[in-house]
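S.K.: Pasting a structure below so you can have a look.
The values are calculated or read from the model by the stated rules, or taken from the named source; none is laboratory data. Note that the structure is a prediction, hence the values are computed from the model and not measured. Cβ atoms come from the backbone with ideal geometry, glycine included; neighbour counts cover every protein chain shown. Accessible surface is based on the protein model in full, side chains and every heavy atom, while ligands, DNA and RNA are left aside. Shrake-Rupley method; radii C 1.70, N 1.55, O 1.52, S 1.80 Å.
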Amino acid sequence: MKPRTGHRGTEELRRPLTCAVASEYPVTVLHLAGRLDPAGVPDLRACVGCCLAAEPDAVVLDVTDLSVRADDGAQLFADLRRQAMTWPGSTVVFAGASPTLLAAVRRSGCDIASYPSVDAACARLDTGGPRYRLREALPASPVAAPVARRLLGRACRSWSVQDSLEPAELVATELVANAVRHAGSRVTFTVSLRQDDLQISVGDDSPVLPTRRAASALDEHGRGLLMLDALCRDWGMTCVGDGKVVWAKVPTARA
């Protein structure tokens with residue numbers, strides 16, 4: 001696809017990729033401008049990852065001023081949509097996408113909705129309904145896990161999913177304690193209700209990802225990931241900026 005001429009002109013579209021976040025929650029708007037080539041792909045992935053850390057309901061990719069070959073961008077945008085749906089469960093849509101790009105993305109097996117403008121996308125996505133999300137910054141100290149459990153209890157009672165509180169507390173304690181133990185930085189704790197899962201996410205400033213290791217019967221630590229396997233519908237890790245988010249989905253009684 002030839003460079004598209006948006007309202008900023010062809011010269012603007014030939015410039016290197018720029019990513020600008022206009023809003024974060026509940027709908028994140030990410031303005032993409034310039035030329036998206038292989039060199040810019042890591043930056044775009046990293047920027048989307050940082051946007052997802054806020055766990056928005058939806059992400060609007062404004063591609064009005066983006067120049068990209070449709071076949072080159074199709075798989076990338078499809079991958080970004082799948083990443084967002086896996087965690088945190090955010091919907092990804094286009095604003096200002098060309099028919100050629102849309103067709104290429106859909107040929108890759110991914111149906112991304114598109115709107116003529118950012119305003120049109122936000123008007124459709126932001127329904128003004130209740131926000132099932134609580135988020136708090138915790139200190140890197142032993143008090144972090146108890147604070148997370150109190151926040152979790154308040155969420156479960158407010159959202160009428162008390163039956164999931166006990167397994168969710170075990171998961172939250174493991175994730176928060178692990179972040180405090182290994183990252184040694186301030187921890188961001190998020191709990192949300194998405195579909196039929198209670199989603200728990202813990203972010204920190206360390207890029208080191210948790211790894212499985214064999215634990216003996218006498219080891220105090222080392223069984224956390226096995227516990228996530230047993231209690232969670234799904235869990236995983238996502239690199240965000242210079243740090244990471246470890247997330248887990250605990251089924252509710254509604255599942």
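S.K.: Would you mind telling me which numbered condition in (1) at pLDDT below 90; (2) of a type in the set (G, A, S); (3) loosely packed, with under 12 Cβ neighbours inside 10 Å S185 fails?
M.R.: Among (1) at pLDDT below 90; (2) of a type in the set (G, A, S); (3) loosely packed, with under 12 Cβ neighbours inside 10 Å, S185 violates only (3).
S.K.: Is one or more of the residues making up the stretch 195-202 modelled with pLDDT under 95 and open to solvent by 40 Å² or more (accessible area, probe 1.4 Å)?
M.R.: Looking for residues that are modelled with pLDDT under 95 and open to solvent by 40 Å² or more (accessible area, probe 1.4 Å), one finds at least one in the stretch 195-202, hence yes.
S.K.: Just checking, how many residues over the stretch 157-179 are touching a strand residue (DSSP E or B) at 6+ places or on another chain (Cβ under 7 Å) and either in a loop (DSSP other than H, G, I, E, B) or open to solvent by less than 30 Å² (accessible area, probe 1.4 Å) (or both)?
M.R.: To start, the set of residues in the stretch 157-179 that are touching a strand residue (DSSP E or B) at 6+ places or on another chain (Cβ under 7 Å) comprises 159, 161, 164, 167-168, 171-172, 175-176, 179.
Next cut, either in a loop (DSSP other than H, G, I, E, B) or open to solvent by less than 30 Å² (accessible area, probe 1.4 Å) (or both) only: 159, 161, 164, 168, 171-172, 175-176, 179.
Number of matching residues: 9.
S.K.: Only one of these conditions is not met by A121: (1) in contact with a strand residue (DSSP E or B) (Cβ under 9 Å, 6 or more places away or on another chain); (2) open to solvent by 30 Å² or more (accessible area, probe 1.4 Å). Which number is it?
M.R.: Looking at each condition in turn, A121 falls short on (2).
S.K.: Of the residues S206, S141, which is of a type outside the set (A, V, I, L, M, F, W, C), farther than 26 Å from G49 by Cβ, modelled with pLDDT under 95 and surrounded by fewer than 17 Cβ atoms within 10 Å (Cβ to Cβ)?
M.R.: That would be S141, the only listed residue that is of a type outside the set (A, V, I, L, M, F, W, C), farther than 26 Å from G49 by Cβ, modelled with pLDDT under 95 and surrounded by fewer than 17 Cβ atoms within 10 Å (Cβ to Cβ).
S.K.: Could you pull out the residue among R150, R131 that is within 22 Å of Q195 (Cα to Cα), open to solvent by 30 Å² or more (accessible area, probe 1.4 Å) and either out of contact with any helix residue (DSSP H, G or I) (no Cβ under 9 Å at 6 or more places or on another chain) or among the β-branched types (V, I, T) (or both)? Before you say what the answer is, go through the steps one by one.
M.R.: Details: R150 fails: within 22 Å of Q195 (Cα to Cα).
After ruling out the rest, the residue left standing is R131.
S.K.: So, one more: Taking helices (runs of 4 or more DSSP H) that do not extend beyond the stretch 1-107, which have at least 2 residues that are closer than 24 Å to A248 by Cβ and modelled with pLDDT of 90 or more?
M.R.: 41-52, 70-86
S.K.: Taking the condition of being of a type in the set (G, A, S) and under 15 Å from A84 (Cβ atoms), how many residues in the stretch 14-33 meet it?
M.R.: Residues meeting the conditions: 0.
S.K.: How about the stretch 90-108: which of its residues are farther than 14 Å from A70 by Cα and open to solvent by 40 Å² or more (accessible area, probe 1.4 Å)?
M.R.: Once the filter is applied, which keeps residues that are farther than 14 Å from A70 by Cα and open to solvent by 40 Å² or more (accessible area, probe 1.4 Å), the stretch 90-108 yields only T91.
S.K.: Which one is farthest from R106 (Cα to Cα), of the residues in the stretch 56-86 that are in contact with a Ser or Thr (Cβ under 6 Å, 6 or more places away or on another chain) and in contact (Cβ under 8 Å) with a residue 60 or more places away in the chain? Before you say what the answer is, go through the steps one by one.
M.R.: As a first pass, look at the stretch 56-86 and keep what is in contact with a Ser or Thr (Cβ under 6 Å, 6 or more places away or on another chain): 56, 58-59, 70, 74-75, 78, 84.
Next, only the ones that are in contact (Cβ under 8 Å) with a residue 60 or more places away in the chain stay: 58, 70.
Details: A58: 19, A70: 11 Å.
Looking at the filtered set, the residue picked out is A58.
S.K.: For V191, are the conditions met, namely being out of contact with any Phe, Trp or Tyr (no Cβ under 7 Å at 6 or more places or on another chain), modelled with pLDDT of 95 or more, within 26 Å of G49 (Cβ to Cβ) and not in a loop (DSSP other than H, G, I, E, B)?
M.R.: yes
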